[in-house]
Amino acid sequence: ASGSYPVQQSITLVYTNLSGSNTFALYRFLPEELRKEYDITLLKFAPSRGEYFERLANSDAVVITEGNYLLDKTAFNPRQLVVDLWHGLPLKTMGYADPNERFKDRIPRRWASVDYVVSYSNLFTELMEQCIRIGKAKYRVAGAPRNDFLFHSHGLDMLKRITGKDLGTGRRLFYLPTYRQVQYASGQRRYDSDNAWQYLFGIPGFDIERFASFLDREDLHLVLKLHPAEEHLFQNRFHDRSRIHILTNSLLERMRCDLYEVLNAADLLITDYSSVYFDYLLLDRPIVFVPADIQSYRDRRGFLLNPYEDWTPGPKAYSQAELEREVLQALSDPSYYSTERRRIRELCHAYPDGKSSQRVWSLIHESLRVQ
């Protein structure tokens with residue numbers, strides 16, 4: 001490395017889980033020359049540990065994904081670089097845009113130390129700014145590092161390693177829903193829907209035995225990954241079967257594998273209001289939406305992008321029969337909703353190229369050089 005650059009400045013990348021972590025991906029796609037240039041650490045978010053904050057305070061740069069820096073850098077190093085990669089293009093309301101957000105008074109402090117927010121596109125910037133009001137000058141359009149996994153990961157091989165099962169036969173459906181409730185530090189809970197996850201896909205009366213027969217008959221596998229915020233509440237309600245395979249945070253952590261490293265193994269994505277579908281559009285594969293509780297969700301949480309139906313490029317299934325029918329239709333016809341997918345993809349992604357980590361590392365490197 002050139003002697004004109006600072007030697008061994010420290011960079012800390014903070015991740016909270018491996019369910020689509022941009023910092024984990026950024027670490028995986030770390031250029032070799034920067035590995036030699038900087039002291040770079042991947043650190044799990046641990047706000048209850050003093051050494052965690054000590055590490056952050058002693059870093060020249062900190063990269064986060066959830067507005068969870070939790071320090072005031074003016075107290076120890078005003079020149080520290082803080083970059084937030086966030087964790088998905090926002091579809092649902094949050095922050096200032098959420099009429100039911102109880103802690104809007106905490107938003108300014110949460111974002112005060114952040115120098116840059118990495119964005120997917122102008123659309124991302126517009127939506128995110130409605131929620132956090134940090135100022136558009138702080139956004140840098142570079143794309144999401146985790147999406148590089150979609151282009152460069154051997155998802156099917158990774159899936160076999162994680163599950164211990166060969167899912168290479170047949171086709172694979174991934175079901176990745178968003179969360180419906182969150183627990184605050186005070187112990188209070190917020191419910192964004194009246195869906196209690198009693199049934200798979202949130203569809204009332206869903207017959208899992210019938211669905212298992214459907215999977216077997218059509219030679220399909222279902223990979224289920226619940227949202228990290230709710231996994232502990234509902235994972236015991238759904239169990240692995242011969243064609244239903246459950247991924248958990250603990251399993252991903254144990255294998256040191258991120259969800260996005262296996263996502264390109266999916267032939268079809270099933271979701272509801274999760275931002276994962278915006279990323280999955282980069283693969284140009286079919287998506288089926290199951291918004292079974294949409295009226296309740298719209299009333300309690302709401303969307304930044306309306307109407308929901310126009311921003312979700314795939315068929316909507318509200319019953320088990322509809323879901324099974326739409327899955328087969330989407331798998332059999334590549335042109336099904338392809339025009340809609342392309343339209344949304346072009347609005348959401350300025351860089352659909354699998355090089356987002358490279359751009360983010362360039363941003364970090366250039367910012368540290370001028371300090």
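Along the axis of the charge dipole computed for the chain (Cβ charges of +1 for Lys and Arg, -1 for Asp and Glu, origin at the Cα centre), the listed residues F289, S356, I132 are led at the positive end by I132. Need one word for the range 25-124: rounded, prolate or oblate. Basis is the Cα gyration tensor (sqrt eigenvalues a ≥ b ≥ c); a/c below 1.5 gives rounded, then a/b vs b/c decides. The shape class here is oblate. Using Cα springs under 10 Å in a Gaussian network model of the chain, which residue among R172, R301, R217 shows the largest mean-square fluctuation? The residue with the greatest mean-square fluctuation here is R217. Taking all Cα pairs closer than 8 Å and separated by 6 or more residues, the relative contact order of the range 257-371 comes to 26 percent.
Pairs of Cα atoms nearer than 8 Å and 6+ residues apart set the relative contact order; for the range 87-147 it is 40 percent. Helix 356-369 and the long axis of the chain differ in direction by around 10°, with both axes built from C-alpha atoms. A straight chain from S296 to K104 at 0.36 nm per residue would run longer than the Cα-Cα distance by 66.9 nm.
The mean sequence separation of alpha-carbon pairs under 8 Å and at least six residues apart, normalised by the residue count of the chain, gives a relative contact order of 21 percent. Apply 1/(1 + (r/R0)^6) to the Cβ-Cβ distance of H154 and Q371, taking R0 = 56 Å, and write down the FRET efficiency to the nearest 0.05. With R0 = 56 Å, the Cβ-Cβ based efficiency is 0.90. Rounded to 0.05, the FRET efficiency of the F206 and K165 pair, given R0 = 30 Å and the Cβ-Cβ distance, is 0.80. Place a point 7 Å from the Cα of A137 along the Cα-to-Cβ direction; which residues of the range 341-371 have their backbone N under 19 Å from it? It comes to 367-368, 370-371, nothing else.
Among the listed values (i) 21.4; (ii) 24.3; (iii) 18.1, the one matching mean projected area of the Cα convex hull in nm² as calculated from this structure is (iii). Computed from Cα atoms, the angle from the helix 320-332 axis to the main principal axis of the chain rounds to 70 degrees. For the range 66-108, the set of trypsin sites (Lys or Arg not before Pro) satisfying both a DSSP loop assignment and a count of at most 14 other C-beta atoms within 10 Å is given as R79, R102. If you run the Gaussian network model on the chain, springs between alpha carbon atoms under 10 Å, then out of A142, A321, A266 the most flexible one is A321. Between the Cα long axis of helix 338-348 and the first principal axis of the chain there is an angle of about 20°, rounded to the nearest 10.
Taken together, the values in this text are just the output of simple stated rules run on the coordinates, not laboratory data. Note that the structure is predicted; figures quoted are calculated from it, not measured. Quick reminder, even Gly has a Cβ in these numbers, built from the backbone with ideal geometry, and neighbours come from all protein chains shown.
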